[in-house]
Amino acid sequence: MEFLVQFSSGLPVMMHELGDATFWQDKDNIISVDDVVAGITAAADNVCKKYLTPKVYQAIRSENYKTILNKLGNRETWITSHFRRKEVESTLSDKEKKVFDNFLRKMRQLGVIQSDPDKGPGDYVFTNDLYPVCFHFKGQNLNK
């Protein structure tokens, strides 16, 4: 239950997505941690298709932006909703670094990330915990 609450980010739409996906993953009428993890994965895929693909992936045309999203999703800490600008920037190519500030501005405008004042300047948080999971799986599919 704790994972479902965390990944729903308190949003009823996300609660519905997670609950529905987890329900359909269950095979023995007992919701286990494995069912929840599979449900989170399935929900992230649904959220990506329904909300992020039209909102983000269709709004950005830059290949650099797409590779930055891919790198955000491929970070070892992809399951967290927090990232530091400097840490991400250290993984970027020179071309990506040149557009990184514009990328961050665009993601804030789209409502995907926001500054994290509790952590300090250069720290960001995804507005929904499913977004980095979505970017992770989208990045995995792009890598294939």
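The values are calculated or read from the model by the stated rules, or taken from the named source; none is laboratory data. These numbers were taken from a predicted model, which means no experiment stands behind them. Don't worry about glycine lacking a Cβ; one is built from the backbone with ideal geometry, like all the others, and counts go over all protein chains shown.
General observations
- Taken over region 1-44, residues that are exposed (fewer than 15 other Cβ atoms within 10 Å of the Cβ), assigned to a helix (DSSP H, G or I) and of a type in the set (A, V, I, L, M) amount to 4.
- Of the candidates PRO132, PRO121, PRO117, the single residue that is touching a strand residue (DSSP E or B) at 6+ places or on another chain (Cβ under 9 Å), modelled with pLDDT under 85 and surrounded by fewer than 18 Cβ atoms within 10 Å (Cβ to Cβ) is PRO117.
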